[in-house]
1. Could you tell me whether any residue of the range 210-218 is open to solvent by 30 Å² or more (accessible area, probe 1.4 Å) and over 30 Å from V28 (Cβ atoms)?
2. Please determine whether any residue of the range 360-367 is farther than 30 Å from L191 by Cα and either modelled with pLDDT under 95 or surrounded by fewer than 23 Cβ atoms within 10 Å (Cβ to Cβ) (or both).
3. Name the residue that is nearest to P621 (Cα to Cα), counting only residues in the range 820-877 that are open to solvent by less than 20 Å² (accessible area, probe 1.4 Å) and without any contact (Cβ under 8 Å) to a residue 12 or more places away in the chain.
4. Could you please find all residues in the range 255-291 being hydroxyl-bearing (S, T, Y), buried (at least 24 other Cβ atoms within 10 Å of the Cβ) and more than 22 Å from G318 (Cβ to Cβ)?
5. Would you mind finding the one in I52, I69, I73 that is more than 24 Å from I162 (Cα to Cα), open to solvent by less than 10 Å² (accessible area, probe 1.4 Å) and within 25 Å of the chain's Cα centre (by Cα)?
6. With respect to A750, determine if the residue is open to solvent by less than 20 Å² (accessible area, probe 1.4 Å) and touching an Asp or Glu at 6+ places or on another chain (Cβ under 6 Å).
7. Out of the range 223-254, which residues are of a type in the set (G, A, S), in contact with a strand residue (DSSP E or B) (Cβ under 8 Å, 6 or more places away or on another chain) and open to solvent by 30 Å² or more (accessible area, probe 1.4 Å)?
8. Is there any pair with a first residue in the range 243-266 that is among the aromatic types (F, W, Y) and a second that is open to solvent by 40 Å² or more (accessible area, probe 1.4 Å) whose Cβ atoms are under 8 Å apart and which are 6 or more apart or on different chains, and what are they?
Amino acid sequence: MPMNPVTREVLPNGLTVLVAENRSAPVVAINLWVRAGYFDEEDSEVGISHVIEHMFFKGTDERPSPDQIANEIKALGGDLNAGTYYDYTNYHVILPSENFQKGLEIQADALMHPRIDPEELKRELEAVLQEARRKIDSPGAYAVEMMYREAFDAHRIRRWRIGTEEGVRAMTRDDLMRYYRAHYVPERVILAVVGDIDTQVGLDAARVLLGKMPAGAGAPLGSPAEPSQESFRYRRLTGDIKRAQTILGFHAAPALSDDDNALRVLAHVLGGCRSSRLFQAVKERDGLVDAIGSSVESFRDIGIFSVMAEHGPDRTPGIVEAIQAEIELLRREPPTAAEIERARTAIEFRHQQNQSEVLGQSSILAYYEAMGGYQLAEEVVAKLSGVSAEDVLRVARAYLNPANATLLEYLPESATVPRRETPALAEILKATAPARPIAEPAPVRAPAAASRPPDPARVATEESVGAVRRLRFDSGPLLLHEERRDLPLVTFCIAFRGGRTSEGREESGITRLLQAVMTKGSPTRDARRVATEVESLGTAIERMIDEDYFGFSMTMLSRCARRGVEILMDLVRRPALRQEEIEKERTLLLAAQASIKDQSLPHTFQLFRQAAFGSHPYSLPTYGLEASVQAMRRDNLVRWHRQTIRPASMVISTVGDISEQETLDLWGTSIAEWSTEGHGGKDPGQLVGWGASEVVETRRRLQTAQVIGFPIPGLLSPDRYSLDVVQALTSGLGGRFFEAVRGKRGLAYAVHAFNYNRVSGGAFAIYLGTSPADEAEARKVLFQEIARLRQEGPRRDEVERAVRYLRGQHAVSLQGNGSRAVRYMDAEVRGLGVEAVQSYPAKLAAVGQQDVQDALWRYLDPDHCAMGILRGETTPA
């Protein structure tokens, strides 16, 4: 199915407008795409594109206040964001379509009349530097850029793209305006509008609002050319991290070339999915890594093919050889017909999935228009689908030469792995023999023929809740169904009440381990067969786990629905729980416990939960406790499966291109004759409010992360709506906390407030990412703003703006089949019912200023505050 029809118009000043109608949801995306990014910066101005992105929404002559644009967009129910990449910068707003005209007016004002106040710039530069430090503290992102630095000599991709602290801090308003005038010219700007509006309305608005932007020629684009890499390169780095990163990179073809298309299929076959060669050989068979994958980054003039692995540092010496052995096999023999077919199905699925939301579709249109024409999006899909096994063999031989590779290892400081010399390592890789092929799995063994097929489960009750049908089978499972025919896609979610909430310390992590092993096979399917069968449908089985429930989801082409349900329910009802798979997944779960400690927000939130929730299961680590995971045996998993995977506690949510009758047939057959035995998990009880407490961990990092939270009631409390309004008026651009801590003082890069809502209770939490030196001051300013809000109360216009924002974002969140299916399932399994999703806008509309004031007084009490702090050292070694 092609994309929605697109209308293209070039305004007299050279600005390109693309409009596509998409009536699947009452929202619209307004995407301004500027063909200027890191590649277009001189060495003296590295990072300036990113700084301009930060200042874009910080005021105009008509809207001089730094938070005014953000507040106006929020008042329209919209959300704004921006991003800078190597060859573009984009600014997008997504909002209810009824507010399209006003949203574009604000975007146009920001584009045409940037104020760039010098004092505001100084504060924002500190936020940019905080962002750079956060990236250095993120092992994977840091390692990738360090590999680029090693792999390239002349091309601008080799630079640390955010810029140096000295260079960024020296930037002035004049510098920004000079770059802006040189690159932000109409001929380099693309406006992509996708959503629930008439094409003519979009074109007329663009002509009026952007047609007056003065035309002009832009400065030269692009980077100095990169010479061919003629030798193997190797670099090792160390840092305060728990897990190691290995990245092998190769220079590759530029975007949109035939070789680029073949390289993308090669990346899928080599390491793009669970059935790929690297995943099956290096991870599953050899157990050398926790995670592994391959990918291609391509631009107008260059490309980079990368293989990236995360692993224990003790495994380092053998990993690159194992990777190279799989590469060498693909340089000797083409992929199989089954591998090529799986790649083609995945391409078709991704193409359809990319059209499910208006922002994604607008970004695709703008990207390809910048590359030569929006029509290229369809052409690329067609070319990718036509890539042959011989094409893959050809590009593997041409580009994946070990003599021209770059290897980057990023290890924990405590690692004792000997460093190998570059020439010796180059010779080892050059001499690496091809891996032994992994055969395609044997066909599924047909079960013994039954005397007669089982009768499908019968529906005992049924009702309509808006467009959603709620049907309960007589054996217990609840089925939710919504038919949507706009795309040939369908999402299935199944969930079971309990899970992590039912775990005590002795079982901590068992639900997650059980889920992982369940997807590794049934009596008639081994792990390899599961991976190939699922990916032959172009999809994957996603595991969902929460404090209150756990389950699985699949989104796939609707023609694959029957096969998808059959595979999923075979694994859910009859998991083999093979011992070898238990040991593999236990090792990965233990590795995840270490890996999360390298991730600032997840680990800090884990520290916060320890401080806040005491002995309640909500306090237990996301990936379980090491001792409990080590002690788990197959008998424990069998018992836990019998106890928690029960029809009586099962909720099924199906949304997409499938009829109600077909859905009933699929699920009725899949749950036929399913025993209802099992007693479910234990009730952990309600949370109790806590006093002041904190958990602090110190690491050698460039940033300090803090999560500060206050106890709130469970999801069934009517106060949840007032607390959502509190979150909306305090967080994000224009929010009270954001402006107090970052906007006015530049004390943090990240300032986010969020409601951690669960059935038994939860927390209103604030995340701060600061420099270590600013930790205490940022926290002080935050508490001062909390005290001011509690004392003075929010203004009426703030509350109204927050309500409009939440209602608008609710509409945005319900665009795709996947998000709708998950929202319906989530509400039903937590006991709220589908009605809670549909009535949410009306409930918000009923929240008044006094309700928000009461919630602030009742819940944001400094005497009942818990903190988790991941403290960076002020002066790193």
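1. The answer is yes, given that some residue of the range 210-218 is open to solvent by 30 Å² or more (accessible area, probe 1.4 Å) and over 30 Å from V28 (Cβ atoms).
2. No: the range 360-367 contains no residue that is farther than 30 Å from L191 by Cα and either modelled with pLDDT under 95 or surrounded by fewer than 23 Cβ atoms within 10 Å (Cβ to Cβ) (or both).
3. Among those that are open to solvent by less than 20 Å² (accessible area, probe 1.4 Å) and without any contact (Cβ under 8 Å) to a residue 12 or more places away in the chain, it is A827.
4. S275
5. One residue alone meets the criteria, I73.
6. The answer is no for A750.
7. Selection gives S228 alone.
8. Between residues of the range 243-266 that are among the aromatic types (F, W, Y) and residues that are open to solvent by 40 Å² or more (accessible area, probe 1.4 Å), the close pairs are F250/Y399; F250/N401; F250/N404.
The values are calculated or read from the model by the stated rules, or taken from the named source; none is laboratory data. Just so it is clear, the structure is predicted and the values come from calculations on it, not from any experiment. Positions of Cβ are generated from backbone atoms using ideal geometry, with glycine treated the same way; all protein chains shown enter the neighbour counts. Side chains are part of the model used for accessible areas, which takes the heavy atoms of the whole protein and leaves out ligands, DNA and RNA. Shrake-Rupley method; radii C 1.70, N 1.55, O 1.52, S 1.80 Å.
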